[in-house]
Amino acid sequence: MSESQQPTTTTTQQQVPKEKREKAPKVPKEKKEKEVKDQAKTKEARDKLNTAGVGKEEDFSEWYTNVITRSEMIDYYDISGCYILRPWSYSIWEQIQSFFDGEIKKLGVQNAYFPLLVSEKALNTEEDHIEGFAPEVAWVTKSGKSNLSEPIAIRPTSETIMYPAYKNWIRSHRDLPLKLNQWVNVVRWEFKRPVPFLRSREFLWQEGHTAFATKEEADKEVLQILRLYKRVYEELLAVPVVEGLKSEKEKFAGGLYTSTIEGFIPTNGRAIQAATSHCLGQNFSKMFGIEFEDENNAKALAWQNSWGLTTRTIGVMIMVHGDDKGLVLPPRIAPIQVVVVPLYFKDFDSAILDKKADEVVQRLKEAGIRAHLDNRTNYNPRQKYIHWELKGVPIRVEVGPKDLEKDVVMFCRRDNGVKESVANADLITTAKSTLDNIQVSMLERATKQRNESISIVTQWSDFIPSLDKRHICLVPWCDVPDCEEAIKKRSNEESLKQKEEAEKGFCLTGAAKSLCIPLKVEELRDVPAITNETRCFACERSAKKWTLYGRI
């Protein structure tokens, strides 16, 4: 800083001769109490800057923004809709990547990499497909100061990039199945309100693209991948999801059918598409000429699938589990599973505490637990607690002088705040069992909350009131596209949501749409079977399937 900005020097009491010192005036009791209250308010204000700062139910939008930035999950960038994934969030993506990559390799999938850029001609090969992405495609039109002879698109997805190569690689039934996956970024130039992790202009994902000789093989893989996606959410992220099929209107553009897992955010009553696995049928193989000679020496078109999982996973996990203190991370994906905090006291040798705390960390690491020692001296224990609670670390272990005397440590769980004294001899077994218990408890709690937010609706008059209770609705539906469009329009017109509430919940509209036709509806609710007498809740046609509807 410049000289003009330097702080002024203050004369201390010790610098003044003893005879000239003034006795401090006596402060009235009521004034002291007021000062204490004022200090408490200041302390509370400081705490708000180090936590979510606002209640999750109070203002969901601000809460989410505060949590992801203050916990060091993301940082903003100078291009709207693009974000920096900081190590705390990227390490979670690495955990997801490691699990899923290992599982698809068991299915014979290999990783590859295809270019980021796609020619306009290739992109327009499949008209129905590109029509769904057209508004979001970003184009490169210049190199330096020169215009390109033809614009080049940045991949919004890779079907049109990969399938010309598949045409060259697949000639015989012996070349099948072909199972490739790539871990890449894609760009979709969203014009809606961007939300970090959930809806951004650039995001990370994996995209699998496979080709088979028969539809039966393709159908089998669609569900294999879908169940792996469900495992990612439920086994790693402790987030319950519903397996289902998309309606004809909501399926992947150009595909035969789309299977999906759907999540739910209880705080704002919004459903969210968590991941999709598409059967493309033979549409793309026909367009790109991907054909092979079968065992009877006849020409046949390949059956294809595509499937993808994105960094949206992280945003869904944050919204489902986070609380007013910040993140609550499931142990299996937490970058740090246990943080160890030594409690320093003036009359106790800090070196002894540091040694013991470091010993605890090393034992945990040797047992395969991701542990960290916070022995910073410029923060007091309370500040450290707030810091690690904001970052969602599953277990905090405290080591103080009294704990040393008793040969114990203090465990504190992030998910429920429960504290317990644990003997040093039981450190590892207790840490492992507690982490396992937290993982299970988080999924159970989230599942219970999700299930309690599903309303069975059989007539239109109950539909909007149920949505306004922040519920999703299980309805008997006719499965007719015109009816689905009418539901969307009518629900938007009748929506009781106020604009202010909508903004807090990242809601763009009060309209409802079909989420999925559940594959196992009995896992959600005990509902009667659909019969010829069952009517569609919206149009009174014959109902065909129980279907989940909700706001997104």
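Could you tell me which numbered condition Val232 fails, if it satisfies all but one of (1) in a helix (DSSP H, G or I); (2) out of contact with any Pro (no Cβ under 8 Å at 6 or more places or on another chain); (3) touching a residue at least 40 places away in the same chain (Cβ under 8 Å); (4) open to solvent by 10 Å² or more (accessible area, probe 1.4 Å)?
With (1) in a helix (DSSP H, G or I); (2) out of contact with any Pro (no Cβ under 8 Å at 6 or more places or on another chain); (3) touching a residue at least 40 places away in the same chain (Cβ under 8 Å); (4) open to solvent by 10 Å² or more (accessible area, probe 1.4 Å) applied to Val232, the lone miss is (4).
Going by the conditions given, is Lys192 modelled with pLDDT under 95 and not aromatic (Phe, Trp, Tyr)? Give the derivation first.
Working: modelled with pLDDT under 95: yes; not aromatic (Phe, Trp, Tyr): yes.
Yes, satisfied.
Quick one: how many residues across region 374-388 are among the β-branched types (Val, Ile, Thr) and either assigned to a helix (DSSP H, G or I) or on the phi > 0 side of the Ramachandran plot (or both)?
1
Working carefully through the options Phe411, Phe463, find the one that is open to solvent by less than 40 Å² (accessible area, probe 1.4 Å) and either in contact with a Phe, Trp or Tyr (Cβ under 8 Å, 6 or more places away or on another chain) or part of a helix (DSSP H, G or I) (or both). Steps first, answer last, please.
On the way: Phe411 fails: either in contact with a Phe, Trp or Tyr (Cβ under 8 Å, 6 or more places away or on another chain) or part of a helix (DSSP H, G or I) (or both).
Answer to the check: Phe463.
Let me confirm something: among Asn378, Asn416, which residue is surrounded by fewer than 16 Cβ atoms within 10 Å (Cβ to Cβ), of a type in the set (S, T, N, Q) and within 29 Å of the chain's Cα centre (by Cα)?
Asn416
For region 339-368, give me each residue that is open to solvent by less than 10 Å² (accessible area, probe 1.4 Å) and not in a helix (DSSP H, G or I).
Listed by number, the residues that qualify are Val339, Val340, Val341, Pro342.
Would a scan of region 345-356 turn up a residue that is closer than 26 Å to Thr51 by Cβ and modelled with pLDDT of 95 or more?
No: region 345-356 contains no residue that is closer than 26 Å to Thr51 by Cβ and modelled with pLDDT of 95 or more.
Here are some residues: Ser441, Ser421. Which one is among the hydroxyl-bearing types (Ser, Thr, Tyr), free of Cβ contacts under 8 Å to residues at least 24 places away in the same chain and either open to solvent by 10 Å² or more (accessible area, probe 1.4 Å) or not in a helix (DSSP H, G or I) (or both)?
On the way: Ser441 fails: free of Cβ contacts under 8 Å to residues at least 24 places away in the same chain.
Going through Ser441, Ser421 in turn, just one is among the hydroxyl-bearing types (Ser, Thr, Tyr), free of Cβ contacts under 8 Å to residues at least 24 places away in the same chain and either open to solvent by 10 Å² or more (accessible area, probe 1.4 Å) or not in a helix (DSSP H, G or I) (or both): Ser421.
Out of Glu217, Glu207, Glu150, I need the residue that is in the same structural domain as Gly308 (by the TED database), over 24 Å from the mean Cα position of the chain (by Cα) and either free of Cβ contacts under 8 Å to residues at least 40 places away in the same chain or in a strand (DSSP E or B) (or both). Which one?
When all the criteria are applied, what remains is Glu150.
Filter region 275-285 down to the residues that are at pLDDT 95 or above and out of contact with any helix residue (DSSP H, G or I) (no Cβ under 6 Å at 6 or more places or on another chain) and list them by number.
Across region 275-285, the qualifying residues are Thr276, His278, Leu280, Gly281, Gln282, Ser285.
Here is a list of conditions, (1) crowded, with 19+ Cβ neighbours inside 10 Å; (2) in a loop (DSSP other than H, G, I, E, B); (3) at pLDDT below 95, and Phe197 meets all of them except one; can you say which number that is?
Condition (3) is where Phe197 drops out.
Can you name the number of the only condition in (1) open to solvent by 20 Å² or more (accessible area, probe 1.4 Å); (2) not in a helix (DSSP H, G or I) that Lys286 fails?
The one condition Lys286 does not meet is (2).
Restricting to region 133-171, what's the tally of residues that are of a type in the set (S, T, N, Q), closer than 18 Å to Glu207 by Cα and modelled with pLDDT of 95 or more?
Number of matching residues: 0.
Hey, does region 142-156 have a residue that's hydroxyl-bearing (Ser, Thr, Tyr), surrounded by fewer than 19 Cβ atoms within 10 Å (Cβ to Cβ) and closer than 30 Å to Asn296 by Cβ? Step through it out loud before you land on a result.
Of region 142-156, the ones hydroxyl-bearing (Ser, Thr, Tyr) are 143, 146, 149.
Checking which are surrounded by fewer than 19 Cβ atoms within 10 Å (Cβ to Cβ) leaves us with 143, 146, 149.
After this cut, where a residue has to be closer than 30 Å to Asn296 by Cβ as well, the list is none.
No, every residue in region 142-156 fails to be hydroxyl-bearing (Ser, Thr, Tyr), surrounded by fewer than 19 Cβ atoms within 10 Å (Cβ to Cβ) and closer than 30 Å to Asn296 by Cβ.
Working carefully through the options Tyr64, Tyr83, find the one that is among the hydroxyl-bearing types (Ser, Thr, Tyr), open to solvent by 40 Å² or more (accessible area, probe 1.4 Å) and within 22 Å of Ala274 (Cα to Cα).
Checking each option against the conditions leaves just Tyr83.
Tell me yes or no: at least one residue of region 83-94 is touching a residue at least 12 places away in the same chain (Cβ under 8 Å), polar (S, T, N, Q) and either outside the structural domain of Lys384 (by the TED database) or assigned to a helix (DSSP H, G or I) (or both). Lay out the reasoning, then the answer.
Going through region 83-94, the residues touching a residue at least 12 places away in the same chain (Cβ under 8 Å) turn out to be 83, 85-89, 91-93.
Now restrict to residues that are polar (S, T, N, Q): 89, 91.
Now narrow it down to the ones that are either outside the structural domain of Lys384 (by the TED database) or assigned to a helix (DSSP H, G or I) (or both): 89, 91.
Scanning region 83-94 turns up at least one residue that is touching a residue at least 12 places away in the same chain (Cβ under 8 Å), polar (S, T, N, Q) and either outside the structural domain of Lys384 (by the TED database) or assigned to a helix (DSSP H, G or I) (or both).
Kindly indicate whether any position in region 246-260 is part of a strand (DSSP E or B) and surrounded by fewer than 21 Cβ atoms within 10 Å (Cβ to Cβ).
First, pick out the residues of region 246-260 that are part of a strand (DSSP E or B): 257-260.
Now narrow it down to the ones that are surrounded by fewer than 21 Cβ atoms within 10 Å (Cβ to Cβ): 257.
Yes, some residue in region 246-260 is part of a strand (DSSP E or B) and surrounded by fewer than 21 Cβ atoms within 10 Å (Cβ to Cβ).
Under the condition of being of a type in the set (Ser, Thr, Tyr) and touching a Phe, Trp or Tyr at 6+ places or on another chain (Cβ under 8 Å), which residue from region 510-552 is farthest from Ser455 (Cα to Cα)?
So in region 510-552, the residues of a type in the set (Ser, Thr, Tyr) come out as 514, 531, 534, 542, 547, 549.
Now drop any that are not touching a Phe, Trp or Tyr at 6+ places or on another chain (Cβ under 8 Å), which leaves 514, 547, 549.
Numbers: Ser514: 14, Thr547: 12, Tyr549: 10 Å.
Filtering region 510-552 for residues that are of a type in the set (Ser, Thr, Tyr) and touching a Phe, Trp or Tyr at 6+ places or on another chain (Cβ under 8 Å), the one farthest from Ser455 (Cα to Cα) comes out as Ser514.
Could you grab the pairs with beta carbons closer than 7 Å, sequence gap of 6+ or different chains, first residue in region 280-302 and assigned by the TED database to the domain that holds Arg174 and at positive phi, second one open to solvent by less than 80 Å² (accessible area, probe 1.4 Å) and modelled with pLDDT of 95 or more?
From region 280-302, the pairs are Gly281/Leu256; Gly281/Trp303.
Of these, Glu202, Glu159, which one is buried (at least 19 other Cβ atoms within 10 Å of the Cβ), in contact with a strand residue (DSSP E or B) (Cβ under 8 Å, 6 or more places away or on another chain) and assigned by the TED database to the domain that holds Glu291?
Sole residue among the options that is buried (at least 19 other Cβ atoms within 10 Å of the Cβ), in contact with a strand residue (DSSP E or B) (Cβ under 8 Å, 6 or more places away or on another chain) and assigned by the TED database to the domain that holds Glu291: Glu159.
So which of Ile336, Ile272, Ile314 ends up being part of a loop (DSSP other than H, G, I, E, B) and in contact (Cβ under 8 Å) with a residue 24 or more places away in the chain?
Only one candidate passes the filter, namely Ile336.
Name the single residue, out of those in region 527-552 being among the charged types (D, E, K, R) and touching a strand residue (DSSP E or B) at 6+ places or on another chain (Cβ under 9 Å), that is farthest from Ser247 (Cα to Cα).
Glu533
The values are calculated or read from the model by the stated rules, or taken from the named source; none is laboratory data. Since the structure is predicted, the reported quantities are computational estimates derived from the model, not experimental observations. Every residue, glycine among them, receives a Cβ derived from its backbone with ideal geometry; neighbour counts consider all protein chains shown. Protein only, heavy atoms only, side chains kept; ligands, DNA and RNA dropped before computing areas. Shrake-Rupley method; radii C 1.70, N 1.55, O 1.52, S 1.80 Å.
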